[in-house]
Amino acid sequence: MKQLIYLDNAATTAARPEVVEAMLPYFSEKYGNPSSVYSLAQESKEAVDAARAAIAEALHAKPEEIYFTAGGSEADNWALVASAEAYEKKGRHIITTKIEHHAVLHTCQYLESRGFEVTYLDVDENGVVDLEELKQAIRPDTILISIMFANNEIGTIEPVEEIGKIAKAHGIPFHTDAVQAFGQVPIDVDALGIDMLSASGHKLNGPKGIGFLYIRRGIKIKSFIHGGAQERKRRAGTENVTGIVGFGKAVEIAVSTMEERTSYERRLRDHLIQRVLSEVPHSRLNGHPSDRLPANANFCFRFIEGESLLMMLDMKGICGSSGSACTSGSLDPSHVLLAIGLPHEIAHGSLRLTLNESNTMEEMDYVVDSIKEIVAQLREMSPLYAD
Amino acid sequence: MKQLIYLDNAATTAARPEVVEAMLPYFSEKYGNPSSVYSLAQESKEAVDAARAAIAEALHAKPEEIYFTAGGSEADNWALVASAEAYEKKGRHIITTKIEHHAVLHTCQYLESRGFEVTYLDVDENGVVDLEELKQAIRPDTILISIMFANNEIGTIEPVEEIGKIAKAHGIPFHTDAVQAFGQVPIDVDALGIDMLSASGHKLNGPKGIGFLYIRRGIKIKSFIHGGAQERKRRAGTENVTGIVGFGKAVEIAVSTMEERTSYERRLRDHLIQRVLSEVPHSRLNGHPSDRLPANANFCFRFIEGESLLMMLDMKGICGSSGSACTSGSLDPSHVLLAIGLPHEIAHGSLRLTLNESNTMEEMDYVVDSIKEIVAQLREMSPLYAD
Amino acid sequence: MYSEKVMDHFQHPRNMGEIENASGVGTVGNAKCGDIMRIFLDIDDNGIIRDVKFKTFGCGAAVATSSMATEMVKGKSIQEALKITNKAVMEALDGLPPVKVHCSLLAEEAIHAALWDYAEKNGIVIEGLKKPKNDIHEGEDEEEDY
Amino acid sequence: MYSEKVMDHFQHPRNMGEIENASGVGTVGNAKCGDIMRIFLDIDDNGIIRDVKFKTFGCGAAVATSSMATEMVKGKSIQEALKITNKAVMEALDGLPPVKVHCSLLAEEAIHAALWDYAEKNGIVIEGLKKPKNDIHEGEDEEEDY
Ligand SMILES: Cc1ncc(COP(=O)(O)O)c(C=O)c1O
Ligand SMILES: Cc1ncc(COP(=O)(O)O)c(C=O)c1O
Ligand code: FES
Ligand code: FES
């Protein structure tokens, strides 16, 4: 079995064939710049507008509230930096959590270096923020609450609706990083009280290099990327027409197939979790047992280290990821796993498996068998296990 | 003749078929996230590295000095904002010109709102900056000189080498917006003394939504988009692998065909200019007569307005653009045409035609004939001409 | 970007030209975008607009609204003509893009200016007609409602 | 990311295991990345490293450098073993990615620690051997040379 079993859909996904097909005409035929006057350009503009409308519909938002970006990171940076700049006369305090993606956390640190103050809320052992703690953190000078919709590592879904209510009651704009949640769980920005929302195309079988920031009408933030008058003067740069078209298509499909797809993924995922926990000694599931993304499983295996585990899985044709971000330039163990209370050694031995609809039950069984074998092998090698 | 004559290659270009072909495998087959551990991801990483190397070579730079962005606008924003933040202890003064693209100008205005001081250099009637004025503008607290390589409207090429020398003599980092020049004229960042350079994929028959900022080793600017550790920790966000691959391919072709291609375009362009100036009354050429981008022609026709002219050309299948940016949300006449000294009414009647290698001499003649007819028709309608 | 009606009036502008010895001539401009519109009215003794012509230096929307507005006032009484707003002209054109709404004001104002000129020439007062602004941009706001 | 040699040593680590009653045992860790390496040396009366084993909790590079480093010291004299630097181990592995250079330090330090243990147990002084650090990250810089 050397066929690929791709279980890293939270890192990125394969673009759907329909998505690529939708994009193709806009590379070399309908390539006009949407801001231009002539008819060729109008075709591009219409395509962009159609994608914007499809995405708005998916969120129960208005098309003019969707602003395309280069991805989730830019959307997060925009929401935070521009909110800070727009509301700094009112105050300089921002509330977020300890388990945000680095696109939020590092931007908060950047804002701290510019004189803003950030409260990083704790989470419980399942990765859920404490609403009471949130309420207590709110101050008269709080200008933004940014709490992710669902965590990218452990899959925990945050109580967004309650957060939205609290934010609204205090008149504070509420931003949520929904990069992992969008397309996986239904989102209604009005019902949930969300003022800004970040998403990224490549997480839901769309292309890489495209994302959006939803900005509720009335939220007065300015540009993050300054320049031309694109995106209602709020986001400069020639529109990534192909990316936008592909993103629109991907969202359409993700939304229309959501129920069936995620219930299938959930079934596979639950089987995987159940077998791993019962058959691999010293293993644990990270994240909320039920309030979690349908395709996410995240384990810790004591006494072993993540990268080695990933490399051995790769040799068996299995693609997964680990909280231990050695390769991505940082050697620290996952801040998320530390935040839910795991000690360093254990946090290092984590494995995230994120499914998609093309996985099968047979694959899950093969994966569990492989994990059992590899974990035993690595423990054999580990000075910690020997102790 | 209702076949399309596309003469707006400065706005955007069609992606070359070879470019799209190079991108295709990275959408749905080699779709791995370059930061991941497994082999699938390594294929993406290698593709990104190969594109980076090709681009570095084109500039005589080192691969690790190329940082991919979402386009020219982001690169410009990054260079300016991060330079301002990195060097603000040394000073808060920036020098640029009045004819920069809005991605530079509006970012400068943003920095002014953050307490930086910006000198906007004048240009002469051909759009060339005055080196003496530049020298006089330099102060002890000057931390950045940002002057474009070639202007996007009138095509004038700035004396970059001399600017680089002046910047170096004063120990000031020199950024150049080469979005229009890259791929059209040879660029050697070392020989020209360039410390930072912005470029965009869709201007040289690559895809939209991808660009880069060249940052010379030793320039201490930090991130503009904060988050993950991509691009040597300097530009967060999952890499736009397809965009990067396409951009790399486009650069390779643009550089290897540059000489032949631009000399062909120049011949066509010169014929176009010569016929227009001699056959259309009250017409003038904007920009430098010889130091200009090979494929750029920019005219003013007195007594008529740009958008109407464009719409009538469109009806004849000709795609061009105008300095009068009515449709792009601003109603002001081109700041570039005003900077070279044209009065408002004349600046409104401008037409930019930017060629590519697939244009023909027959097309040029058809275009001139069409312009003659349309200009006469619009003047007939104009209350200014009647006067 | 533009509706078919706009494109039609742009491509085949109605009433383009001048009227010699017109009863009233009005010229207005938008300093911001630099466009200029001139309307010529031929008004008979019963106060009916017998003929109307325009000249426009401006964008596609400006040309199309000139054409449509002249069509709409032709044959109307002065009082009827006064009631033709830029909104009505836009509706008749099946709408304009948001950035182009201001262009339609040019046409409304040019007609008012021509009527004012007619009133002045004839020493009469047209009820409901205010002295036209020279620059129709004055009262206008930069539309930026996020 | 890794060379073929690294992958080979990762997949088939040489000298993995423990030595009972080893002449010297050294354990070092990198507090930053949390990895731990333990080296067991069996040294004969002539000061020749007769056998060597390792146990490693760490990334692929850590495993591969453990394996290669043990191969390189096996059969060597103490003085020869001391000269084996992390650079030499990396070269023998056809290089490591920049972020992984520090992992190779673990192997060098673990050997030094095992030799130090051997020297202490036997009450001797090994020329040129300094007391090993417990956390090899201490001296290291975050590599960020733009
Ligand atoms: C000179 C110049 N700078 C910057 C840009 C912005 O590039 P992009 O639209 O790719 O962000 C452009 C083109 O739009 C340009 O011509
Ligand atoms: C929760 C979360 N936020 C933000 C991002 C950043 O998105 P992108 O890589 O598209 O910039 C990611 C994924 O990398 C994510 O999982
Ligand atoms: S009249 Fe000026 S933009 Fe239309
Ligand atoms: S030993 Fe820690 S990353 Fe390699």
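Do we have A:S39 as within 10 Å of chain B (Cβ to nearest Cβ) and closer than 25 Å to B:E305 by Cα here?
On the way: within 10 Å of chain B (Cβ to nearest Cβ): yes; closer than 25 Å to B:E305 by Cα: yes.
It is true that A:S39 is within 10 Å of chain B (Cβ to nearest Cβ) and closer than 25 Å to B:E305 by Cα.
Take C:S23 and decide whether it is farther than 22 Å from C:W116 by Cβ and among the hydroxyl-bearing types (S, T, Y). Against the criterion (farther than 22 Å from C:W116 by Cβ and among the hydroxyl-bearing types (S, T, Y)), C:S23 does not qualify.
Against the list (1) more than 8 Å from every other protein chain (Cβ to nearest Cβ); (2) out of contact with any Pro (no Cβ under 9 Å at 6 or more places or on another chain), the condition C:D35 fails is (1).
Would it be correct to say that B:H60 is more than 9 Å from chain A (Cβ to nearest Cβ), surrounded by fewer than 17 Cβ atoms within 10 Å (Cβ to Cβ) and either of a type in the set (S, T, N, Q) or out of contact with any Gly (no Cβ under 9 Å at 6 or more places or on another chain) (or both)? Quick ask: steps written out before the conclusion?
Values: more than 9 Å from chain A (Cβ to nearest Cβ): yes; surrounded by fewer than 17 Cβ atoms within 10 Å (Cβ to Cβ): yes; either of a type in the set (S, T, N, Q) or out of contact with any Gly (no Cβ under 9 Å at 6 or more places or on another chain) (or both): yes.
Taking the combined requirement at face value, the residue satisfies it.
Is it the case that some residue within segment A:286-305 is acidic (D, E), more than 13 Å from chain B (Cβ to nearest Cβ) and surrounded by fewer than 24 Cβ atoms within 10 Å (Cβ to Cβ)? Looking through segment A:286-305, at least one residue is acidic (D, E), more than 13 Å from chain B (Cβ to nearest Cβ) and surrounded by fewer than 24 Cβ atoms within 10 Å (Cβ to Cβ).
Tell me, please, whether a residue that is in a strand (DSSP E or B) and at pLDDT 95 or above can be found in segment A:307-314.
To start, the set of residues in segment A:307-314 that are in a strand (DSSP E or B) comprises none.
Checked against the condition, which is being in a strand (DSSP E or B) and at pLDDT 95 or above, segment A:307-314 yields no hits at all.
Between A:Y87, A:Y67, which is at pLDDT 95 or above, farther than 26 Å from A:A10 by Cβ and surrounded by 18 or more Cβ atoms within 10 Å (Cβ to Cβ)?
Details: A:Y67 fails: farther than 26 Å from A:A10 by Cβ.
None of the others qualify; the one that does is A:Y87.
Sub-6 Å Cβ pairs linking a first residue in segment A:222-237 that is in the same structural domain as A:Y67 (by TED's automatic domain parsing) to a second residue that is within 16 Å of ligand 4 (Cβ to nearest atom), at least 6 apart or interchain, number zero. Residues that are more than 11 Å from chain B (Cβ to nearest Cβ) and not aliphatic (A, V, I, L, M) were ranked within segment A:42-57; the one that is nearest to A:E252 (Cα to Cα) is A:E57. Please find, among A:G127, A:G115, the residue that is buried (at least 24 other Cβ atoms within 10 Å of the Cβ), assigned to a loop (DSSP other than H, G, I, E, B), assigned by TED's automatic domain parsing to the domain that holds A:F68 and away from ligand 3 (no atom under 16 Å from the Cβ). Matching residue, one of A:G127, A:G115: A:G127. From the residues in segment B:315-345 that are at pLDDT 85 or above and more than 20 Å from the chain's Cα centre (by Cα), which one is farthest from ligand 4 (Cβ to nearest atom)? It comes out as B:P343.
Residues that are in contact with a His (Cβ under 9 Å, 6 or more places away or on another chain) and surrounded by fewer than 17 Cβ atoms within 10 Å (Cβ to Cβ) do occur in segment A:362-378.
Just checking, does segment B:79-91 include any residue being over 30 Å from B:P140 (Cα atoms) and away from chain A (no Cβ under 12 Å)? Within segment B:79-91 (the criterion being over 30 Å from B:P140 (Cα atoms) and away from chain A (no Cβ under 12 Å)), the answer is no, since none of the residues qualifies. Whether a residue is away from chain A (no Cβ under 14 Å), touching a helix residue (DSSP H, G or I) at 6+ places or on another chain (Cβ under 7 Å) and either farther than 22 Å from B:A181 by Cα or surrounded by 17 or more Cβ atoms within 10 Å (Cβ to Cβ) (or both) was assessed, and B:C319 does not pass this test.
For segment A:110-133, indicate whether the set of residues that are without any contact (Cβ under 8 Å) to a residue 40 or more places away in the chain, within 29 Å of A:G155 (Cβ to Cβ) and within 9 Å of chain B (Cβ to nearest Cβ) is non-empty. Looking for residues that are without any contact (Cβ under 8 Å) to a residue 40 or more places away in the chain, within 29 Å of A:G155 (Cβ to Cβ) and within 9 Å of chain B (Cβ to nearest Cβ), one finds at least one in segment A:110-133, hence yes.
Selection of segment A:16-36 for residues being within 8 Å of another protein chain (Cβ to nearest Cβ) and farther than 24 Å from B:L204 by Cβ yields A:R16, A:P17, A:V19.
Taken together, the residues in segment B:37-75 that are without any contact (Cβ under 8 Å) to a residue 40 or more places away in the chain, within 18 Å of A:H202 (Cβ to Cβ) and away from ligand 2 (no atom under 16 Å from the Cβ) amount to 4.
Pairs are defined by a Cβ separation below 6 Å, a sequence spacing of at least 6 or placement on different chains, a first member in segment B:268-286 that is among the hydroxyl-bearing types (S, T, Y), and a second member that is in a helix (DSSP H, G or I) and surrounded by 15 or more Cβ atoms within 10 Å (Cβ to Cβ); the pairs so defined are B:S283/B:V276.
Can you confirm whether segment C:18-40 contains a residue that is out of contact with any strand residue (DSSP E or B) (no Cβ under 7 Å at 6 or more places or on another chain) and closer than 18 Å to B:Q377 by Cα? No, the conditions are met nowhere in segment C:18-40.
Name the residue, out of A:L192, A:L197, that is more than 13 Å from chain B (Cβ to nearest Cβ) and under 12 Å from the mean Cα position of the chain (by Cα). Steps first, please.
Values: A:L192 fails: under 12 Å from the mean Cα position of the chain (by Cα).
Exactly one residue qualifies, and that residue is A:L197.
The values are calculated or read from the model by the stated rules, or taken from the named source; none is laboratory data. Predicted model, so just to flag it, every value in this text is computed and none were measured. Glycine gets a Cβ as well: all are built from the backbone with ideal geometry, and neighbour counts include every protein chain shown.
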